[in-house]
Amino acid sequence: MYRLFCNNKMLVCRNFFEQCLYNEYDESLCVTQAFENTLNKIKYWLENGEENLYIDDVDNEILTAVFRSLFNYAPAAGGLVLINNEIVAIERNGRPDLPKGHIEKGETPDIAALREVGEETSISNLEIIRQLPSSHHCYLLDGQWTLKQTSWFLMKSKDEFKPKPQTEEGISKVFLLNKNNVNEFLEKTFISLKETLGEIIYSLQLTINN
């Protein structure tokens, strides 16, 4: 199943998967009626739709062609960092979030995640534990729809928590999530993050605080 978030709404393709986004496709599909119908449906949802959109009856090759034609891709990576048995969070442009950023040319997602977390929080000696599910959201930039896929990694650091927010990236605060503030964080953060990692964040808090 593939889920794409736009503001507070969600596109769900139950028979389509993340890896399909990068498949090769036959460009002749772009002149078919199925392509046009699907493209128009998703564009209308992006621009005017207020409810979630579910697509279950479209061939995966058509969906791949539509996504590849409609969106520019902006790969990113970030971390859910455990330190002192709590989770590192940030406040970016007034909204709670987890540290993340764009993957630079030549970087792998895991290396980018370690770099971005370090830059945005000044936490060092980071170690990746495992990869987590990726989140997908889209936005309009200079008249072009952009799809950001964020590869997330569970990390840890044994260093003392002495953060320094990267203010030039709009980060005003680096703080720790615990059982006292995790619900507020999940209520106020981005829906793509909440829906993708919310259960993991909440279950980690239950585990490490009991």
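Tell me which residues, restricted to the stretch 94-147, are under 23 Å from Leu11 (Cα atoms) and among the polar types (S, T, N, Q).
Residues satisfying the conditions are Ser134, Ser135, Gln144, Thr146.
Can you name the number of the only condition in (1) within 24 Å of Leu140 (Cα to Cα); (2) open to solvent by less than 50 Å² (accessible area, probe 1.4 Å); (3) not in a helix (DSSP H, G or I) that Lys105 fails?
Evaluating Lys105 over (1) within 24 Å of Leu140 (Cα to Cα); (2) open to solvent by less than 50 Å² (accessible area, probe 1.4 Å); (3) not in a helix (DSSP H, G or I) leaves (2) as the failure.
Let me confirm something: among Leu39, Leu4, Leu46, which residue is free of Cβ contacts under 8 Å to residues at least 60 places away in the same chain and either under 17 Å from Ser69 (Cα atoms) or part of a helix (DSSP H, G or I) (or both)? Give the derivation first.
On the way: Leu4 fails: free of Cβ contacts under 8 Å to residues at least 60 places away in the same chain; Leu46 fails: free of Cβ contacts under 8 Å to residues at least 60 places away in the same chain.
Criteria check complete, one pass: Leu39.
Could you list all residues from the stretch 90-102 that are under 28 Å from Phe67 (Cβ atoms) and open to solvent by less than 60 Å² (accessible area, probe 1.4 Å)? Talk me through it step by step, then tell me what you get.
So in the stretch 90-102, the residues under 28 Å from Phe67 (Cβ atoms) come out as 92-93, 95, 97-102.
Selection gives Arg92, Asp97, Leu98, Pro99, Lys100, Gly101.
Return the residues of the stretch 69-89 that are in a strand (DSSP E or B), surrounded by 15 or more Cβ atoms within 10 Å (Cβ to Cβ) and under 15 Å from the mean Cα position of the chain (by Cα); say none if nothing qualifies. Full working, then the answer.
Residues of the stretch 69-89 in a strand (DSSP E or B): 72-73, 76-83, 86-89.
When the remaining residues are screened for being surrounded by 15 or more Cβ atoms within 10 Å (Cβ to Cβ), the result is 76-83, 86-89.
Passing the criteria: Ala76, Ala77, Gly78, Gly79, Leu80, Ala89.
Residue by residue through the stretch 172-197, note down the ones that are in contact (Cβ under 8 Å) with a residue 40 or more places away in the chain and touching a helix residue (DSSP H, G or I) at 6+ places or on another chain (Cβ under 6 Å).
Scanning the stretch 172-197 gives Val174, Leu177, Val182.
Can you pull out every residue in the stretch 1-49 that is of a type in the set (Asp, Glu) and over 20 Å from the mean Cα position of the chain (by Cα)? Spell out how you get there, then give the answer.
So in the stretch 1-49, the residues of a type in the set (Asp, Glu) come out as 18, 24, 26-27, 36, 47.
Hits for the stretch 1-49 are Glu24, Asp26, Glu27, Glu36, Glu47.
Can you name the strands (runs of 3 or more DSSP E) wholly within the stretch 124-210 that have at least 3 residues being open to solvent by 60 Å² or more (accessible area, probe 1.4 Å)? Write out each step before concluding.
Numbers: elements: 126-131, 135-141, 144-157, 171-177.
Output list reads 126-131, 135-141.
State the number of residues belonging to the stretch 1-18 that are within 18 Å of His137 (Cβ to Cβ) and surrounded by fewer than 16 Cβ atoms within 10 Å (Cβ to Cβ). Explain how you work it out, then say what you get.
The first filter runs over the stretch 1-18 and keeps only residues within 18 Å of His137 (Cβ to Cβ), leaving 1-13, 16-18.
Imposing the further condition that a residue be surrounded by fewer than 16 Cβ atoms within 10 Å (Cβ to Cβ) reduces the set to 1, 7-9, 12, 17-18.
The total comes to 7.
Please state which of the following conditions Leu4 fails to meet, knowing it meets all the rest: (1) in contact with a Leu (Cβ under 8 Å, 6 or more places away or on another chain); (2) more than 22 Å from Gln144 (Cβ to Cβ); (3) modelled with pLDDT of 95 or more.
Of (1) in contact with a Leu (Cβ under 8 Å, 6 or more places away or on another chain); (2) more than 22 Å from Gln144 (Cβ to Cβ); (3) modelled with pLDDT of 95 or more, only one is false for Leu4: (2).
Of the residues Val58, Val66, which single one is among the β-branched types (Val, Ile, Thr), open to solvent by less than 50 Å² (accessible area, probe 1.4 Å) and in a loop (DSSP other than H, G, I, E, B)?
Numbers: Val66 fails: in a loop (DSSP other than H, G, I, E, B).
Answer to the selection: Val58.
Pull up the stretch 19-29, narrow it to residues that are within 17 Å of Pro133 (Cβ to Cβ) and among the hydrophobic types (A, V, I, L, M, F, W, C), then point me to the one that is surrounded by the fewest Cβ atoms within 10 Å (Cβ to Cβ).
Cys20
Can you say whether Thr167 is of a type in the set (S, T, N, Q) and more than 17 Å from Glu86 (Cα to Cα), as far as the supplied structure shows? Before the answer, list the steps.
On the way: of a type in the set (S, T, N, Q): yes; more than 17 Å from Glu86 (Cα to Cα): yes.
It is true that Thr167 is of a type in the set (S, T, N, Q) and more than 17 Å from Glu86 (Cα to Cα).
Among (1) open to solvent by less than 70 Å² (accessible area, probe 1.4 Å); (2) at pLDDT below 95, which single condition is Phe35 missing?
(2)
The values are calculated or read from the model by the stated rules, or taken from the named source; none is laboratory data. Computed from a predicted structure; not experimentally measured. All Cβ positions, even for glycine, are placed from backbone atoms using ideal geometry, and neighbour counts span all protein chains on display. Just the protein is used for accessible areas: all its heavy atoms, side chains included, with ligands, DNA and RNA removed. Shrake-Rupley method; radii C 1.70, N 1.55, O 1.52, S 1.80 Å.
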